[in-house]
Structure formats: structure tokens, C-alpha cells
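One structure is given below, encoded as C-alpha cells.
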Amino acid sequence: MKEEIKNYAKEIGVDDIGFASVENYKSPNTILINEIYPEAKTIIVLTFQQLDNCESENIQVASLGSKILSEFADSSTYKIARFVKQKFKSKVIGISRHTHVNVNTETNLLFADFSSRHAAVAAGLGNFGRHNLVIHPIMGTKVVFTAIITDLDMQPDSPIKEELCTDCNICVDQCPVNALDEENKTNVIKCLLKCQPYGFGGYLQFWTKFTESTPEGQKKMLRDKKYKRLYDALTLGSQYVCFNCIKDCPAGQ
Ligand code: B12
Ligand code: SF4
Ligand code: SF4
């Protein structure tokens, strides 16, 4: 069964695939898989290599890397989930590249219901580096993950024991807002404001200011390039503008 799924994934262009049992998925800060789907037994995790857009000095081109990748990753996830469902008569739940994010109003922290990084580690696809992202043994840091939760019982893959981060500290030194200074914890607010100025926070700020402005001020705001950037980020779904902790990471082969 695993081989058939692996071969199909390879055929459609997925870079790597791993299998984790629900018991091995240990993500203390997100909800339990059983609260997502009580019959869940296995998490199939898919890995996709990023293109090199993030190395471009042109920030619009750099941010498009995420969009182009997400579309391929999500449609591949759907295809594999449908293959598993039809071939093995099972239930399948797809987790896309981008997921809903909840805001904890007490801590101001952002978290999803499902942690793709913890699933990737459990499925033997890599381990955490100093930048708090998961490093793949071959493709390194510039990878993203999607997942399929299923009621099929499958032999899990073994987690990778070898340390993949070289501890060079490039990610920490190059973060423009020192969001990685504390080990094992990204300062989410610092990172968010820097890497997504046209995301939810920027959107909220813009419309708050808009409602408080005079009609003349409002007209000016709508013609400002900031409004165009917010509009582009929303419609194109390409919101990241900082990639400093991933672009020069030497890990991988
Ligand atoms: C919300 C979110 C963000 C938020 C907040 C991040 C956060 N909470 O860590 C913001 C906007 C800041 C963000 C930024 C980025 N993100 Co983001 N993000 C997510 C999202 C949607 C949810 C994350 C989440 O809630 N995790 C669960 C929480 C509660 O994590 P946690 O338990 O607190 O774990 C944290 C620490 O404890 C530590 N940690 C936990 N266990 C261990 C163990 C060890 C040994 C170590 C060292 C650390 C460690 O790592 C976490 C980071 O603080 C995921 C997709 C998903 N559904 O998983 C993508 C995701 C994590 N993001 C991703 C990426 C690529 C990025 C960016 C590089 C985007 C960019 N600029 O291009 C940056 C990198 C920032 C960084 N270095 O941390 C990828 C990571 C891929 C990878 N190779 O690991 C993901 C998995 C998306 C995907 N589908 O692939 N992100
Ligand atoms: S994405 Fe940018 S701001 Fe966020 S941790 Fe990485 S380098 Fe720092
Ligand atoms: S840049 Fe260096 S320290 Fe940071 S994750 Fe990559 S290998 Fe580890």
C-alpha cells in the first residue's frame, strides 16, 4: 500500500513523502489529531522543494515563490488524497500548504490547528533547525509540507536521528528583527510584522486608519501604493516579503 502511494506521489512530481502514526505526532501547542478526525491512524506528509524566488532582490518576484509553490502543493495533495480514497476505500482529510491560523488573545501568539512541522518530523522527513523550521536531509530548509490524515493503518517511517542543522547561526544573524534570538522559539510578533507587512496586521491597521480619516484623507489612502500592496497580497495570496532565515541556510545536500 505504502509503495503504491509513494510511486503515485513520485509520478505526479512530489519531492518526498513520509508516513507517521498518529501516536508519533507530538505537537504540544496544537490540538490533538483525534479532535480533527477521531478515526485517524496515519498522517501522510508530502514535501515540496521551493524555487529560488526568495533569492531575488525584487521583492514582488521573491514573494511570488510562495504562491506558485502553494498551487502545485495543494493540487498534488488533493490528487494523492483522492488516489488513496478511491484505491484503498479509506477516509482522507487534506491539510493544505496554508492553513487557518488562530490568534491566542492572551499571548498574542498565532497557531494553526495542525502543525505541519511536527508532522514532518514524525514522518521522518527532517528535524528542527536553529531557525525553528524543519530541515530536509537532501533539500535542506527551502521546503514546505502538506499532509493527508487517514484512517488507514500503515507502517510509520522512522524519525531522522542525525542532526541536520550545522549550527552556523546564519539564520539568527540575518534575521532583521532578531526574532530568532531565543532558542527553540520564534518571536512570532516580530517575525510577522517584518515578513508579512501586508498580511492581516497591515490590513487591520489600514482600515482602522481609514475609518478615522477625513473623506479627502480616505481618497489619498486608496491611491497610495500601500493599498495596492494590500490588495495584491490578498488577491495573489503572496504575502511574505522576508526570507532571510531560509535563503542562505547551508543545511542539506
Ligand atoms: C502561523 C505560521 C507562521 C507564523 C507564526 C509561526 C509560528 N507559530 O511558529 C509566521 C507568520 C510568523 C510564520 C513565519 C514563517 N513561516 Co510559517 N507557518 C505558520 C503555520 C500556518 C502554523 C504554525 C503553527 O501554528 N505551529 C504550531 C505552533 C504552535 O508551533 P510550536 O509548537 O509553538 O513550535 C514552535 C517552537 O516551539 C519551535 N519548536 C517546536 N518544537 C521544536 C523542537 C526543536 C528541536 C526546536 C529546535 C524547535 C522546536 O518551533 C516552532 C516555532 O516557534 C505553519 C503551517 C502549519 N499548519 O503548520 C507555517 C509554516 C511553519 N511556515 C513555514 C514557513 C516556510 C515560514 C517562513 C519561512 C515564511 C517566509 N518568510 O517565507 C517564516 C519563518 C519564520 C521562522 N523562522 O519561524 C513552513 C515551514 C516549512 C519548514 N521547512 O519547516 C510551514 C510549515 C508552512 C508549510 N506548509 O510548509 N509562519
Ligand atoms: S522570516 Fe524574516 S523576520 Fe521572520 S524569522 Fe525569518 S528572517 Fe526573521
Ligand atoms: S542557517 Fe545554519 S544555524 Fe540556521 S538552521 Fe541553517 S544550518 Fe542551522
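The values are calculated or read from the model by the stated rules, or taken from the named source; none is laboratory data. Remember, it's a predicted structure, so these values are computed and weren't measured experimentally. Here the Cβ positions follow ideal geometry from the backbone for every residue, glycine too, while neighbour counts run over all protein chains shown.
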| message | Can you list the helices (runs of 4 or more DSSP H) lying wholly within the stretch 1-107 that have 3 or more residues being among the hydroxyl-bearing types (Ser, Thr, Tyr) and over 27 Å from residue 244 (Cβ atoms)? | response | 59-88
| field | Selection within the stretch 145-199 - of a type in the set (Ser, Thr, Tyr) and more than 9 Å from ligand 1 (Cβ to nearest atom) | value | 150, 158, 166, 198
| task | Consider residue 137 carefully, then state whether it is within 15 Å of ligand 3 (Cβ to nearest atom) and either under 14 Å from residue 43 (Cα atoms) or not assigned by TED's automatic domain parsing to the domain that holds residue 233 (or both). | result | yes
| From the options 175, 191, residue that is in contact with a helix residue (DSSP H, G or I) (Cβ under 7 Å, 6 or more places away or on another chain) and either without any contact (Cβ under 8 Å) to a residue 60 or more places away in the chain or not assigned by TED's automatic domain parsing to the domain that holds residue 6 (or both) | 175
| field | In the stretch 145-171, the residues that are touching a residue at least 60 places away in the same chain (Cβ under 8 Å) and more than 14 Å from residue 18 (Cβ to Cβ) | value | 151, 152, 153, 164, 165, 166, 168, 170, 171
| Test: residue in the stretch 63-81 that is of a type in the set (S, T, N, Q) and in contact with a strand residue (DSSP E or B) (Cβ under 7 Å, 6 or more places away or on another chain) | yes
| field | Qualifying positions in the stretch 158-216 - more than 19 Å from residue 141 (Cβ to Cβ) and β-branched (Val, Ile, Thr) | value | 189, 208, 211, 214
| task | Report, ordered by the first and then the second residue, all pairs with beta carbons closer than 9 Å, sequence separation of six or more or different chains, a first member in the stretch 87-110 that is over 20 Å from residue 239 (Cα atoms), and a second member that is of a type in the set (Gly, Ala, Ser). | result | 91/40; 92/81; 93/40; 93/81; 93/147; 94/81; 94/147
| said: Here's a check for you: in the stretch 108-131, which residue that is at pLDDT 95 or above, part of a loop (DSSP other than H, G, I, E, B) and more than 10 Å from ligand 1 (Cβ to nearest atom) is surrounded by the fewest Cβ atoms within 10 Å (Cβ to Cβ)? | reply: 124
| query | Yes or no: residue 145 in a strand (DSSP E or B) and not acidic (Asp, Glu)? | reply | yes
| note | Note: among 172, 144, 177, just one is under 25 Å from residue 78 (Cα atoms) and within 16 Å of ligand 2 (Cβ to nearest atom), namely 144
| request: Return a yes/no flag: does the stretch 231-239 have any residue that is of a type in the set (Asp, Glu) and farther than 26 Å from residue 175 by Cα. | output: no
| task | With respect to residue 78, determine if the residue is more than 19 Å from the chain's Cα centre (by Cα), aromatic (Phe, Trp, Tyr) and surrounded by 13 or more Cβ atoms within 10 Å (Cβ to Cβ). | result | no
| message | So residue 172 passes all but one of these: (1) in contact with a His (Cβ under 8 Å, 6 or more places away or on another chain); (2) assigned to a loop (DSSP other than H, G, I, E, B). Which condition number does it fail? | response | (2)
| query | Hey, residue 154 hits all of (1) among the hydrophobic types (A, V, I, L, M, F, W, C); (2) over 20 Å from residue 253 (Cα atoms); (3) in a loop (DSSP other than H, G, I, E, B); (4) within 16 Å of ligand 2 (Cβ to nearest atom) but one; which does it fall short on? | reply | (4)
| field | Condition met for residue 161 (within 30 Å of residue 4 (Cα to Cα), surrounded by 12 or more Cβ atoms within 10 Å (Cβ to Cβ) and basic (Lys, Arg)) | value | no
